[in-house]
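First the structure, in the form of structure tokens, and then the observations on it.
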Amino acid sequence: MKCPICASTKLLPFVQQDEWCFSQCVDCQFAFLNPMPTQAQLNGLYEDDRGITATHYPKAASRRLRSLMRALRLLPWCWRKSAFDLGCGGGFMVNALQRLGAAASGLDVNAQAIAYARTQFPACRFYSESFNAFEATQTFDFVYCSELIEHVSELSEFMQMLRRLTHLKSRVYITTPDLGSQQVPQPITEWDVFVPPHHVQFFKETNLAQLFRQYGFEQEKRFPDRKAGLKVLFRRVA
Ligand SMILES: [Zn+2]
């Protein structure tokens, strides 16, 4: 077994919860489930819909507002651009991006969430598939991908998907928990995002940058976060 980020074979046991064992790379500190479940096994977890129906989404009003605030911060990169939300849930961010002048669409594996998005936001386009089954028919200027990468067991497939969705100078905005933050509780099992097997890995800022560099993206900007979160904008340069 090699580190999925830096290919080092120097791995140490990191933490265990129930039957889930995480390893950590000695060289780059990336932490990941070892053994790693397959994407098909993980996708099976998302059929639990938690009260989502075609007409109801929990806390919809505050989701709409928060998405608009978030989209406003991203305005320089999405205004009058084509935009895609990878892992869009009920489509709140797709709607926000569209309202702020982007031509926006989104993809999610959760069919109920997509049914809701199609009902509520008919001006936007939605796809209900897993990211590794999705065949992009166009590329986008801006790809938004929030709190998804920590769920992805096949990082190389995910990154190749990001390449299929983008072109030179496209921006990719990624958010994920920040393993390097001073705010990560000790022991890490107390962290609210430590929920194996939903979250299969944890990145530091340097891990994310190294992964993206391997696929032709360079880090353009890191956004501040009040909690232990990474919010990073990448630009495709190759
Ligand atoms: Zn490593």
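Each reported figure results from applying straightforward, stated rules to the coordinates on display, with no laboratory input. Keep in mind that what you see is a predicted model, and the values were worked out from it rather than measured. FYI the Cβ positions are ideal-geometry reconstructions off the backbone, even for glycines, and counts take in every protein chain you see.
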Subject >> Point-to-point label distance, GLU147-VAL195, nm (Cα→Cβ direction, 7 Å offset) >> reply: 0.7
Original post:
For the chain, what does -39500 (n - 2.57) per DSSP helix run (n ≥ 4), summed and divided by total residues, give at 222 nm, in deg cm²/dmol to the nearest 500?
Top reply: -7500 deg cm²/dmol
Subject >> Cysteines in the chain that, by Cβ-Cβ distance, have no pairing candidate under 4.7 Å >> reply: CYS21, CYS78, CYS88, CYS124, CYS145
**OP:** Using a cut-off of under 15 Å, list every residue of region 200-218 whose amide N is near the label point 7 Å from the Cα of MET1 along the Cα-to-beta-carbon line.
**Re:** 200-202
Original post:
Taking the alpha-carbon centroid of each part, what is the distance from region 179-208 to region 135-176 in angstrom?
Top reply: 21
Original post:
Which ³J(HN,Hα) values in Hz, rounded to whole numbers, follow from the phi angles of region 218-225 under the Karplus curve 6.51 cos²θ - 1.76 cosθ + 1.60, where θ = phi - 60° and Gly and Pro get x?
Top reply: 10, 5, 9, 7, 10, 8, x, 9
Original post:
Anyone know which of LEU74, LEU148, LEU45 comes out most mobile in the 10 Å Cα GNM of the chain?
Top reply: LEU45
Subject >> 3J(HN,Hα) from dihedral phi, region 126-135, Karplus parametrisation 6.51/-1.76/1.60, rounded to Hz, x for glycine, proline >> reply: 10, 10, 10, 7, 7, 5, 7, 9, 6, 10
**OP:** Please order TRP77, TRP20 by the number of other Cβ within 10 Å, starting at the fewest.
**Re:** TRP20, TRP77
Original post:
Taking a 23 Å limit on the Cα-Cα distance, which of the listed pairs LYS2/LYS169; LYS169/LYS231; LYS10/LYS231 fall beyond it?
Top reply: LYS2/LYS169; LYS10/LYS231
Original post:
For the residue pair HIS167 and THR55, what label-to-label distance in nm results when each label sits 7 Å from Cα along the Cα-to-beta-carbon direction?
Top reply: 4.2
Original post:
Which FRET efficiency, nearest 0.05, do VAL237 and GLU205 yield, Cβ-Cβ r, R0 22 Å?
Top reply: 0.75
Original post:
Across 5 Å bins from 0, what is the distribution of all Cα-Cα pair distances for region 189-238, in whole percents?
Top reply: 4, 18, 23, 20, 17, 12, 4, 1
**OP:** Sort ARG236, ARG99, ARG226, ARG164 so that the residue with the fewest other Cβ atoms within 10 Å of its own Cβ comes first and the one with the most comes last.
**Re:** ARG226, ARG164, ARG99, ARG236
Original post:
If you line up the Cα atoms of the chain on their principal axes, what length do they span on each, largest first, in Å?
Top reply: 49, 40, 34
Subject >> Under 19 Å from the ASP27 label point (7 Å along Cα→beta-carbon), backbone N, region 154-195 >> reply: 155-156
Original post:
Spin-label point model (7 Å from Cα, Cβ direction): what's the GLU135 to LYS221 distance in nm?
Top reply: 3.6
Subject >> GNM result for the chain, Cα springs below 10 Å: residue of GLY51, GLY180, GLY89 fluctuating most strongly >> reply: GLY51
